[in-house]
Structure formats: structure tokens, C-alpha cells
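Structure first, then comments.
The values are calculated or read from the model by the stated rules, or taken from the named source; none is laboratory data. Note that the coordinates shown come from a computational prediction; the quantities given were computed from them, not determined experimentally. Counting neighbours? That spans all protein chains shown, and the Cβs are built from the backbone with ideal geometry, glycine included. Accessible surface areas use protein heavy atoms only, side chains included; no ligands, DNA or RNA. Shrake-Rupley method; radii C 1.70, N 1.55, O 1.52, S 1.80 Å.
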Amino acid sequence: MSDQDLQPEEFAQAAAAAIADAQARSFREAARVLAGAGLCGVCADEDAGGLALGTAFALPIVAEAGRLRLQWPLLETILVAKALGSSALAAELAGGTRIATWALQGSLQDGYAGQARHARASDWVLVADGQGGAALLDLATVRIEDDPALDPDHPQSWLGLDHARVLATLDAAAFGALQRERDILVAGLVHGAAEGALAATAAYLATRVQFGRPLSAKQAVRHLLARMRLLQEAAHAGIQRVLDADEYGQPRATRPVLANALSSAAFVLEKSIHLHGGMGFTWELPLHVSLREVRKFDAAFGSGALARQVGRDFIHSA
């Protein structure tokens, strides 16, 4: 079956069912469920048991993971499985017997790495090597220190790499291509998280009645909802556009799209909590869980540094 016979939107429905099932299971059982549904190997080589589909097909899957607040490194496992080609390591990831994460800061050359999601429960971690490429490391040989500053329930991790065992390496070209796909999928994940929050907020405001009228009838509320929807639509358009080449046949830059998605998602989630009267910070309606994920990714990319760099690049290009 060719890519032309499939539609990426169809993957969202199948992914939602598998993700909902995985959320009710342990971390290792979740790997089996997600891999069994073909999610872990959606982009992996066919010889490794994957579907060998493009980034466009992984995008709705990670968006559903964001919308449903999945606490499992699905995005990272998808990307690492693809990067490893037809190797036995890729097959283990696609089959759900191993789990991979990605340290977004630091390098093997520095001797440390950081901003890795779910490192304590994962098997392998992808780390920049400091020379343009990357290395896949065995987490059993890495010193892990949790950083609960942004999320005490699911903290990021800092990794000591002094005695890390290297399982595989990626050259600069392969790692650069993988980073581009990572930017797109992270943008998709945070956009999905914000989309879920906006849908919940719109439903709540339409049913919550004060002084005989639903809250959504109030002009100030409607204006804020409209702005949130506008930001979501703009972010979605940017993410879809970056999948295609520009008018010269060249790949489009992903960093502006990622910076916009992070900023928009944070705004939408914060306003969703606000419009719920602060009730969003509860376990019954855990909007704060999604906000924490967005803020963790923002911190991993420099807490605003990404947007500033995009602005500088644009000025220099002009």
C-alpha cells in the first residue's frame, strides 16, 4: 500500500483509541499497546517492522498524544526508530520491547545532557555528540538526576554521561534531518495539547450558566475564545505548510513554526485555565498537565530563546 492510499487524518482516530488504552496501563504495558497499534513504528523502516511512512503520518499521532495528555515518550520513540533504519535496535523500538527518549540539551562531548522526558523509565536516550551528529546511549550506564522544577509529577532529567555506553551513532546529515522532524512533531504535540484544552473550555463555557445566561454569551468571553481559536488555526496552518517544500523546492524552516506553536499553545492553555475560573488546576480537569508539557518543551529550547533567534535570523536574511 502506498502513501497515496492512506490519509494522515485517518491515523488520528486509530491513535486515539490506542493512546486511551495505553493510559490505563503501566509504562511497559503501554509500550506493548502503542507498538501493537503500529504507532511506535509508524515511520520506522519496513525491515524493522515499521510502516515506513512520512512525518505527515506521525503528526496526527503525536497531536492525539498531546490532546489526551499521554505521559510516555511516543514522539521520541517514533523518531529514534526511524533514525536507526533497518537495524535490530529499530526493530526493538517499533516492536515495543524498548523505549527511547531524547535529551534536548547538552552533548556527549560535554559529558552531560538534559531535558529528557521519562528518562528513568526508558531504555535508551538520544544525545547530540557535540560534533554535529548524535549518539544513542544505554540509560542503564547513565547517571540520572531528576529536575522537578517545572513538573514534580513527570520531571525532566539531567544525565551524567561519563561512563555512557554508545549503542549507535548518527552522522551530521542524519541528525540534522531528524532534528527538523523533531521540531515539526513537537509543534504538533503542543498544538494538540492546546486543541484539547480549547475544546474542553468551549464546552464548559457553553454549559456553565450565570445570571440566566451561558458564560459563552458574554462578549469578553467570546472575544477571548475567538482569539484562542485564531491562534490555533494559525499554528495549525504553519505546521501543515512546513511539511511541504517552498516555491523553490527547498525544505521550509521549522524553527519559526515551532516557536509559534509553543507560544500559542502556552497562551491557549493559560487562558483555558483562566476561563475555567482557575478550576483547570485540578486532577478532575488536568489542564495544568498539558501546560507543564508545553513549558518543559519551551525550557528545553531556551525559554524564549528560540523565538528571539528566529527574529534575529529573519532580520539578517532581510
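Of note:
- Folded to 0 to 90 degrees: helix 8-23 orientation relative to the chain principal axis, Cα: 90 degrees
- Between 0 and 90°, nearest 10: helix 219-242 axis offset from the chain longest Cα axis: 30 degrees
- An oblate overall shape is assigned to the stretch 126-209, the ratio a/c of its alpha-carbon gyration tensor axes (a ≥ b ≥ c) being 1.5 or greater and a/b not exceeding b/c.
- Potential extension, PHE314-HIS223 segment - 0.36 nm per residue separation minus Cα distance: 29.7 nm
- Calculated FRET efficiency, ALA199 to GLU10, Cβ-Cβ distance, R0 = 25 Å: about 0.80 to the nearest 0.05.
- Summed over the residues of the chain and divided among them, the accessible surface reaches 46 Å² per residue at a probe radius of 1.4 Å.
- Principal-axis analysis of the Cα atoms of the chain puts helix 74-83 at an angle of about 30° to the longest axis.
- Overall form of the stretch 1-96 per C-alpha gyration tensor (a/c, 1.5; a/b vs b/c): oblate
- For the chain, calculated [θ]222 nm from helices alone, where every DSSP H run of n ≥ 4 adds -39500 (n - 2.57): -17500 deg cm²/dmol
- Accessible surface of the stretch 61-203 [probe 1.4 Å, protein heavy atoms]: carbon and sulfur percent: 50 percent
- Mean Cα-pair separation over length for the chain, i.e. relative contact order, pairs under 8 Å, 6 or more apart, %: 14 percent
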